[in-house]
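A.B. asks: Questions regarding the structure given below will be posed in turn.
The values are calculated or read from the model by the stated rules, or taken from the named source; none is laboratory data. This one's a predicted model, so the numbers in the text were calculated from it and none came from an experiment. Because the Cβ atoms are built from the backbone with ideal geometry, glycine has one as well, and the counts that use them run over all protein chains shown. Remember, those area values only see protein heavy atoms, side chains included, never the ligands or the DNA or RNA. Shrake-Rupley method; radii C 1.70, N 1.55, O 1.52, S 1.80 Å.
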Amino acid sequence: MKKLLSIILTLTMLFSVTTVLATPATASAKSNVTRSMSKNKNFKKLVKRISTYCIGESFGKKGTTTIKNNNKTRLSIAAFVRYHIDRDFDYTKAELKKTVKDLFGKNVKKIQCSGFLMKSTTGYAYAGGDFGTMVPKYKISKVVKSKKKYTATIIGKIYENIEKKTTKQCKITLTVKKSSKSKFKFAATKIKYKNY
């Protein structure tokens, strides 16, 4: 009986030690970095641009939308961002290529017009509307780091100038990685949003 009790006690202790040693490895696989990333100016600049796009795109849609990360969509997003953030509606190939690289860390294969990008007499131009009396806002809710990627949960909002009120528009999930190609030092890899 004493022998059996000794074996059970030894196995229990061994299991406890194994569990304690395994826990830090699991916890370090995903870490909450919300506080530090919310203060990172470069990260916030990228989040502002992608969030503004998602908020604008989310009008009139239901459910969850996953943005395709392909050449055509990246160019459309670049046009949207240049118009709404930089107040620029007329683009050269070089400007579009630079914006795509800054947002996604990717090279443009070829200029493809679709979505918010159209051909113009002088090159390329923004093909869309604006927010009118509304102002897109965002709030970083959470940022989790897993290996080399960061996944941010962002609350997309709309501030209505006339009514002086803010409403939630969409929940954005943005995955980024560090990128030396981007002026923001981060590049978007996955984007999706869900309407409220």
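A.B. asks: Is it the case, given these coordinates, that Ala152 is more than 20 Å from Ile172 (Cα to Cα), modelled with pLDDT of 95 or more, in contact with a strand residue (DSSP E or B) (Cβ under 7 Å, 6 or more places away or on another chain) and surrounded by 15 or more Cβ atoms within 10 Å (Cβ to Cβ)?
C.D. replies: Working: more than 20 Å from Ile172 (Cα to Cα): no; modelled with pLDDT of 95 or more: yes; in contact with a strand residue (DSSP E or B) (Cβ under 7 Å, 6 or more places away or on another chain): yes; surrounded by 15 or more Cβ atoms within 10 Å (Cβ to Cβ): yes.
Here the answer is no, as Ala152 does not meet what is asked.
A.B. asks: Does the range 96-115 include one or more residues that are touching a strand residue (DSSP E or B) at 6+ places or on another chain (Cβ under 7 Å), more than 20 Å from Lys45 (Cβ to Cβ), polar (S, T, N, Q) and outside any strand (DSSP E or B)?
C.D. replies: Within the range 96-115, none of the residues are touching a strand residue (DSSP E or B) at 6+ places or on another chain (Cβ under 7 Å), more than 20 Å from Lys45 (Cβ to Cβ), polar (S, T, N, Q) and outside any strand (DSSP E or B).
A.B. asks: Given (1) modelled with pLDDT of 95 or more; (2) open to solvent by 20 Å² or more (accessible area, probe 1.4 Å), identify the lone condition not met by Gly105.
C.D. replies: Looking at each condition in turn, Gly105 falls short on (2).
A.B. asks: Turning to a different aspect of this structure: Would you mind telling me which numbered condition in (1) surrounded by fewer than 17 Cβ atoms within 10 Å (Cβ to Cβ); (2) hydrophobic (A, V, I, L, M, F, W, C); (3) under 11 Å from the mean Cα position of the chain (by Cα) Val143 fails?
C.D. replies: With respect to (1) surrounded by fewer than 17 Cβ atoms within 10 Å (Cβ to Cβ); (2) hydrophobic (A, V, I, L, M, F, W, C); (3) under 11 Å from the mean Cα position of the chain (by Cα), Val143 is out only on (1).
A.B. asks: Please go through the range 53-95 and give me each residue that is outside any helix (DSSP H, G or I) and touching a helix residue (DSSP H, G or I) at 6+ places or on another chain (Cβ under 8 Å), ordered by number. Spell out the reasoning first.
C.D. replies: Step one: of the range 53-95, the residues outside any helix (DSSP H, G or I) are 59-70, 85-92.
The answer is Thr65, Ile67, Asn69, Ile85, Asp88, Phe89, Tyr91.
A.B. asks: Tell me whether the range 72-85 contains one or more residues that are open to solvent by 60 Å² or more (accessible area, probe 1.4 Å) and without any contact (Cβ under 8 Å) to a residue 24 or more places away in the chain. Steps first, answer last, please.
C.D. replies: We begin by selecting, within the range 72-85, every residue open to solvent by 60 Å² or more (accessible area, probe 1.4 Å); these are 72.
Pick out the ones that are also without any contact (Cβ under 8 Å) to a residue 24 or more places away in the chain and you get none.
There is no residue in the range 72-85 that is open to solvent by 60 Å² or more (accessible area, probe 1.4 Å) and without any contact (Cβ under 8 Å) to a residue 24 or more places away in the chain.
A.B. asks: Quick one: count up the residues across the range 36-69 that are open to solvent by 50 Å² or more (accessible area, probe 1.4 Å), basic (Lys, Arg) and under 12 Å from the mean Cα position of the chain (by Cα).
C.D. replies: Count: 3.
A.B. asks: Could you please let me know if Lys177 is of a type in the set (D, E, K, R) and surrounded by 14 or more Cβ atoms within 10 Å (Cβ to Cβ)?
C.D. replies: Numbers: of a type in the set (D, E, K, R): yes; surrounded by 14 or more Cβ atoms within 10 Å (Cβ to Cβ): yes.
So Lys177 fits the description; yes.
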